[in-house]
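*Asks:* First the structure, then my questions, so here it is.
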Amino acid sequence: MQRNEELYKGKAKSVYTTDDADSLILLFRNDTSAFDGKRIEQLDRKGMVNNKFNAFIMEKLQAAGIPTHFVRLLSDQESVVKKLDMIPVECVVRNIAAGSIVRRLGVQEGLELTPPTFEFFLKNDELGDPMINDYHIQSFGWATADQVAKMKELTFKVNAVLKDLFLAGGMLLVDYKLEFGVFHGEVILGDEFSPDGCRLWDVETREKLDKDRFRQNLGNVIESYEMVGHRLGIHFD
Ligand code: ADP
Ligand code: UDP
């Protein structure tokens, strides 16, 4: 597949057009950002690890009946995906309180959330990705009511599949962020699922194994991502 011009350069990935109008190539770079892009560092092997991690998870989700943009791995750091019209919102499900909800609501980190809770955020770094609700999404025309319902339904379906998958590897899926887009009229899962966009804790020790290691300067960031992958049976080399 031919990699043509760069369509968009995000904080962690670059998006390229291809010789097929319906397909894009995602290049997973080593850039690692936190705090809405205010801190950026290069972490060796990250692009390759997240690319292969994402491929594994997307294939599991696809097999469970969740439509995704993932087509195939192209190289260590590249994947072919379906070209989506992205909906500019982030869908977050939380099984356990951590991160921004702890700061916003003054709750204890580690509190189990029953039922799991759901939040929408607007994808806008300049505004610091503000939290929004279903009405905002419809009133400002970011998505229709049906698309909002579909995003919620699919985000919770992902929870059902991935909570068990991670638990089988001795990990708690604390929270995660998904992005959706529209492909020929259908809402499907886009972007990536990797330890960059979720929280994973060891079930016994509650050690943080995700991007919080970078945010909180805990060290061994990519070593942790690789360990998570190995626990799921992913081979990186
Ligand atoms: P950010 O834009 O948050 O800095 P990335 O560096 O991950 O994030 O950039 C990837 C960009 O590609 C994101 O804006 C994401 O919405 C977009 N994207 C992901 N998957 C697709 C897809 N299948 N079609 C079109 N755009 C996509
Ligand atoms: N998240 C993400 N991208 C964002 C914001 C959040 O991938 O721009 C993920 C984050 O890694 C976590 C979940 O979404 O798994 C919830 O994030 P939270 O709202 O707690 O924000 P944070 O404190 O991580 O900035």
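*Asks:* Per residue and in cubic angstrom, what volume does the convex hull of the Cα atoms of the range 84-136 have?
*Replies:* 106
*Asks:* Residue separation times 0.36 nm, minus the C-alpha to C-alpha distance between residue 117 and residue 144: what's the value?
*Replies:* Here the answer is 7.6 nm.
*Asks:* Further question: Within the range 116-237, what is the number of lysine pairs with alpha carbons under 21 Å apart, leaving out pairs fewer than eight places apart on the same chain?
*Replies:* For the range 116-237, the number of qualifying lysine pairs is 14.
*Asks:* Between residue 75 and residue 107, 0.36 nm times their residue separation minus their Cα-Cα distance comes to what?
*Replies:* Gain in length upon complete extension: 7.2 nm.
*Asks:* If you average over every viewing direction, what projected area does the convex hull of the Cα atoms of the range 14-73 give, in nm²?
*Replies:* Here the figure is 5.2 nm², rounded to one decimal.
*Asks:* Next question, about the same structure. Got the relative contact order for the chain handy, in percent, Cα pairs under 8 Å and 6 or more residues apart?
*Replies:* Over the chain, the number comes to 17 percent.
*Asks:* Say the dipole of the chain comes from +1 at the beta carbon of Lys and Arg and -1 at that of Asp and Glu; which of 1, 53, 214 then lies farthest toward its positive end?
*Replies:* 214
*Asks:* Further question: From zero up to wherever the largest Cα-Cα distance of the chain sits, split into 10 Å bins and tell me the percent of pairs in each.
*Replies:* Taking all Cα pairs of the chain, the binned fractions are 7, 32, 40, 18, 2, 0 percent.
*Asks:* Provide the convex hull volume over Cα atoms per residue for the range 39-99, in Å³.
*Replies:* Enclosed volume per residue, from the Cα hull, is 153 Å³.
*Asks:* A further question on this structure: Post the alpha-carbon centroid distance, the range 179-237 to the range 68-126, in whole angstrom.
*Replies:* Rounded to whole Å, the Cα centres lie 11 Å apart.
*Asks:* Something else about it: Among 237, 175, what is the fewest-to-most ranking by other Cβ atoms within 10 Å?
*Replies:* Fewest-to-most ranking of 237, 175: 237, 175.
*Asks:* Based on the mean of other Cβ atoms within 10 Å per residue, sort peptides 194-201, 165-172, 104-111 so the most packed one is first.
*Replies:* Per-residue Cβ counts within 10 Å, averaged per peptide and sorted highest first, yield 194-201, 165-172, 104-111.
*Asks:* Right, next: For the range 1-76, give the magnitude of the charge dipole about the Cα centre (Cβ charges: +1 Lys/Arg, -1 Asp/Glu; no others), in debye to the nearest 20.
*Replies:* Taking the Cα centre of the range 1-76 as origin, the dipole is about 360 debye.
*Asks:* Nothing charged except the Cβ atoms of Lys and Arg (+1) and of Asp and Glu (-1): what's the magnitude of the dipole of the chain about its Cα centre? Round to the nearest 20 debye.
*Replies:* 340
*Asks:* How much length, in nm to one decimal, is gained on full extension between residue 100 and residue 62, taken as 0.36 nm per residue of separation minus their Cα-Cα distance?
*Replies:* Answer, rounded to one decimal: 10.7 nm.
*Asks:* Show me, bin by bin at 5 Å from 0, the whole-percent P(r) of the range 1-47 based on Cα pairs.
*Replies:* 5, 22, 23, 19, 14, 9, 6, 0
*Asks:* Using 7 Å Cα-to-Cβ label points, what is the residue 207/residue 11 separation (nm, one decimal)?
*Replies:* Inter-label distance under the simple model: 2.6 nm.
Every read-out reported here was derived from the displayed coordinates using simple, explicitly stated rules and does not represent laboratory data. These numbers come from a predicted model, not from an experiment. Ideal geometry is used to build each Cβ from the backbone, glycine not excepted, and the neighbour counts take in all protein chains shown.
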